[in-house]
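Let me begin by presenting the structure, written as structure tokens, before commenting on it.
None of the figures in this text is laboratory data; all of them are computed from the coordinates on show. Since this is a predicted model, take the numbers as computed values, not measurements. Here the Cβ positions follow ideal geometry from the backbone for every residue, glycine too, while neighbour counts run over all protein chains shown.
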Amino acid sequence: MSQQLPPVTSASLDVFDATHLQPLHPNLERWRVQFNQLLASLPPEKIAATPISARQALAGITARFVTQGPALFRVADGELTSDNNKVLPLRLYQPVEQPKTLMLFVHGGGHMAGSIEVYDPICRRLAKASGCAVLAMDYPLAPENPWPAGIESVAELMQRLPEVIQSFDLSITLTISIVADSGGAAMAATLCLQQPKNIAGYPESLVLIYPSLDYRMQSDSIQQFSEGYFLTEERMRWYFDQYLQGKAEPLSISPQEMPVPKSFPRTLIMSAGYDPLRDEAGFFFEKLKHADISVTGICYPQMLHAFFNLESLVPEVCDDAYNAISRFVAADLTNR
């Protein structure tokens, strides 16, 4: 059944219909204008899209606007050697001595950017706010590792999660949740749609933060915010071309078009009013609701895509969002 939480602040909505948009948050609007002016002033060779520039841009923006994360009970690095002998770096964020829940965090970045190091302060905040252990991974990135390399690595980590949990000396009885943003949310949603519930790492709950859910890019919000709002239509198409490289037809791998199993986990979908992906979040919310899956939707109407990576501009909204995730995942323990 559909589940709706009360609004977590007066600035959040429980719907994805942004027909009557509030103005973009003034701090984000000032930054957006400055960002666009900077891009316009640069010669073409300085703004040409390359894997290196995409990775540097996400890393640089996050480092500038997300300050160092809080100290935790333990932060430990590890690794998982995959079945094809690739080493997948891991990092555990443990806020307390005996956590009851493990959040598997799958980072965003258009399947081309992002890493444990880039998302380190975000994972620290997530662990501190929730009291849950957070496990982050570095999955193989495109274009060097096109589809399906990244999603296969996340799937293998899910399947071997008890082994990984034991390697960090944690209890295998931990409740499992998956939290993912943007392109990472595309992979997390896909795996929950396709993987059997009896695999070891199938989650009790799923949190999708401004998710990318349709590689065809057909929604109205993509046209509405096609340029000038940080994440552009042109850049998304480039990301997906680099990721797919003709190895998959977009329709076949889009979560929006996949059947929903009855075992699909209770889900929180979080989006932003000025996000080109906003409508995809709304469509998926309706899809889960119609499949009788417990689903909660929160849209922050004055936010841009990737607002977690712009935290110092909107700290009160990020705090609100971390707390909403924490409350949602905490319900897993009550429901057991």
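Worth pointing out:
- Share of Cα-Cα pairs in the chain lying beyond 36 Å, as whole percent: 12 percent
- Between A291 and L21, the modelled label-to-label distance comes to 2.9 nm, taking each label 7 Å out from Cα in the direction of the beta carbon.
- Cross-link partners for K86 among the lysines, with Cα-Cα distance under 23 Å and sequence neighbours closer than 8 places in the same chain left out: K247.
- Among S221, S182, S326, the order by Cβ neighbours within 10 angstrom, fewest to most, reads S326, S221, S182.
- Assigned charges on the beta-carbon of Lys, Arg, Asp, Glu; the chain dipole about Cα centre (debye): 420 debye
- Each of T173, T296, T232, T67 was scored by other Cβ atoms within 10 Å of its Cβ. Listed from fewest to most, they are T173, T67, T232, T296.
- Share antiparallel - DSSP beta bridges, the chain, percent rounded to 5: 30 percent
- Order of L102, L231, L208 under a 10 Å beta carbon neighbour criterion, fewest first: L231, L102, L208
- Within the same chain, lysines fewer than 8 places from K289 are excluded, and of the rest, those with a Cα less than 23 Å from its Cα are K197, K262.
- The label-point distance for E233 and Q166, in a model that sets each label 7 Å from Cα toward Cβ, rounds to 5.2 nm.
- Cleavage-rule hits (GluC sites (Glu not before Pro)) in region 139-208: DSSP loop, at most 11 neighbouring Cβ within 10 angstrom: E144
- The order of the peptides 52-62, 245-255, 284-294 by mean Cβ neighbours within 10 Å, most packed first, is 284-294, 52-62, 245-255.
- Mean separation of Cα contacts under 8 Å (6+ apart) over length of the chain, as relative contact order %: 24 percent
- Percentage, to the nearest whole number, of Cα pairs in region 57-179 over 23 Å apart: 28 percent
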